[in-house]
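Colleague: One structure, as structure tokens, below. Some questions next.
The values are calculated or read from the model by the stated rules, or taken from the named source; none is laboratory data. No experiment lies behind these values; they were computed from the predicted model shown. Counting neighbours? That spans all protein chains shown, and the Cβs are built from the backbone with ideal geometry, glycine included. Quick note on the areas: whole protein, heavy atoms, side chains included, nothing else; ligands and nucleic acids left out. Shrake-Rupley method; radii C 1.70, N 1.55, O 1.52, S 1.80 Å.
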Amino acid sequence: MEEEKKLEQPYQKPEQIKNTPSGHTGKGLCVALCIVFLALGFLLSSLYYEHRYKDISPLAEAMDVVRKNFYYYDEQTESDAITGALKGLAAYLEDNYAEYYTPEEYEELLTSNSGNYIGLGVNAVEKGVGQLYISEVFPDTPAEEAGLLAGDRFISANGHSADNLKLEAFLDFITHEEGDTNVIVVERDGQQLTFSMVMREVYSPYVQYRMLEDGIGYIYIKGFHGKVVKETQDALDALMEQGMEKLVLDVRDNLGGSLYDVTDIAGMFLPEGSIITTIRSRTSEDYSYKTKKEGIHVPIALLVNGHSASASELLAGALKDYGAAELFGKTTFGKGIVQTFFGLQRGQNGTMKFTTDAYYTPSGVCIQGEGITPDHEVDLPEDLTYYSIYTIPYEQDTQLQAAVNYLKESK
């Protein structure tokens, strides 16, 4: 609607009429001219949009037919029909990543990606029907304060047993309204323990870190959302203070996230001025994202797997092409395309997301459908695939052990 707004702007300054020197005649003439030009503007605007959007006139006609003849038509019908048409448009694009979000759905998406939510503050995994475990407890949350621990097995939630349930069905018994009280029973070391927790907003961090052995630091990035850039920098600073000389960077099971976040993080590990990725689209010239400052200079081993996708592949491709990291694990997912969100009427009418660009590694490769092959193929035991990456016991994590052994031998 930008063109229509430009047509209307000249008529938003009545002081131009007031300054007419010819008295009432001048005012009348000016008003008449305003009416003529306004009518002309609306006519031109209507003709422009009719010509530009003539191919979608069947949609408007169909809506009119429904409005006039649908037996069950009510006030909500038209709104629901428009939402359905927009979702259908996204589906018809044959783009696996295209989607239409209502304003409410988009707000939920933003909240989810921020890392903030109302809840207990845990991650849970399913190791079989009825075998539901806490895999991670986040800091400063009701779960941590109550005393829940990673490894606890869920027995019940608010009186509902976990027996014979899938994880998703069991979690439905936990309420997520702020101020709600949930009573959780878990099994730990053969004993059943009961915890009562009041729901409140918690933050799920995207970065975990720790020191390993022989001056080797470890950073796990589970997604490029929320405060991930600051969390990664804080992790690096803390590990450097603890004497880190080498680093394992882990993006296994990292499905991606923000292009801007991952380019900022890539800049922490590459020389200043390095090309991180080049973006190609239909609507503009190629654009290369480059590092803005000098990154750290330590040997790096990067862990990837088949669920390392999109932004995590962008990071892996850049570090591999520059020889800044040695890659361990399994071939990555293979998503080398970028989606963009477009707010309709600034989001008031919802938001469209679809593929707009492809990204290329510094060496000029688009990994869409191909993935990135690690320098060292290493399998993870099958029974560990249920674990959250950060909670896999070190003595069983064959991929992490391979990375550590490599770093021990590197100079």
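Colleague: Mind listing just one residue for me: the one in region 57-102 that is polar (S, T, N, Q) and within 26 Å of the chain's Cα centre (by Cα) and, of those, most open to solvent (accessible area, probe 1.4 Å)?
Modeller: 96
Colleague: Which of the residues that make up region 223-236 are closer than 27 Å to residue 119 by Cα, of a type outside the set (Val, Ile, Thr) and open to solvent by less than 50 Å² (accessible area, probe 1.4 Å)?
Modeller: 223, 224, 225, 226, 231, 235
Colleague: Answer yes or no as to whether residue 302 is over 23 Å from residue 367 (Cα atoms) and either within 22 Å of the chain's Cα centre (by Cα) or in a helix (DSSP H, G or I) (or both).
Modeller: no
Colleague: Output yes when any residue across region 158-177 is in contact (Cβ under 8 Å) with a residue 24 or more places away in the chain, in a strand (DSSP E or B) and among the aliphatic types (A, V, I, L, M), and no when none is.
Modeller: no
Colleague: Give me the residue from region 259-295 that is open to solvent by 40 Å² or more (accessible area, probe 1.4 Å) and within 22 Å of residue 227 (Cβ to Cβ) and, out of that set, farthest from the chain's Cα centre (by Cα).
Modeller: Here the answer is 293.
Colleague: I want to confirm something. Restricting to region 105-119 and keeping residues that are touching a His at 6+ places or on another chain (Cβ under 9 Å) and not in a strand (DSSP E or B), which single residue is most open to solvent (accessible area, probe 1.4 Å)?
Modeller: At the first step, the residues of region 105-119 found to be touching a His at 6+ places or on another chain (Cβ under 9 Å) are 112-115, 117-119.
Applying the additional criterion that residues be not in a strand (DSSP E or B) yields 112-115.
Numbers: 112: 75, 113: 51, 114: 36, 115: 4 Å².
Filtering first and then ranking leaves 112.
Colleague: Quick one: in region 352-374, which of the residues that are open to solvent by less than 30 Å² (accessible area, probe 1.4 Å) and of a type in the set (A, V, I, L, M, F, W, C) is nearest to residue 104 (Cα to Cα)?
Modeller: By that ranking, first place goes to 352.
Colleague: Still on this structure, please answer the following. When you look at residue 132, is it more than 15 Å from residue 122 (Cα to Cα), modelled with pLDDT under 95 and not small (Gly, Ala, Ser), yes or no?
Modeller: no
Colleague: Going by what's in this entry, would residue 239 be described as assigned to a helix (DSSP H, G or I), open to solvent by less than 20 Å² (accessible area, probe 1.4 Å) and touching a Gly at 6+ places or on another chain (Cβ under 7 Å)?
Modeller: Criteria met by residue 239.
Colleague: Turning to a different aspect of this structure: Would you please list the contacts, defined by Cβ atoms under 6 Å and residues six or more apart or on different chains, that run from a residue in region 87-98 that is small (Gly, Ala, Ser) to a residue that is not in a loop (DSSP other than H, G, I, E, B)?
Modeller: 90/99; 90/100; 98/90; 98/354
Colleague: Could you please find all residues in region 296-348 being among the polar types (S, T, N, Q), buried (at least 23 other Cβ atoms within 10 Å of the Cβ) and in contact with a Ser or Thr (Cβ under 6 Å, 6 or more places away or on another chain)?
Modeller: Keep residues of region 296-348 that are among the polar types (S, T, N, Q), which gives 305, 308, 310, 312, 331-332, 339-340, 345, 348.
Keeping just the survivors that are buried (at least 23 other Cβ atoms within 10 Å of the Cβ) gives 305, 308, 310, 312, 332.
Answer for region 296-348, where residues must be among the polar types (S, T, N, Q), buried (at least 23 other Cβ atoms within 10 Å of the Cβ) and in contact with a Ser or Thr (Cβ under 6 Å, 6 or more places away or on another chain): 308, 332.
Colleague: Another question about this same structure. Give the residues of region 178-217 that are surrounded by 12 or more Cβ atoms within 10 Å (Cβ to Cβ), in a strand (DSSP E or B) and among the hydroxyl-bearing types (Ser, Thr, Tyr), sorted by residue number.
Modeller: 203, 209
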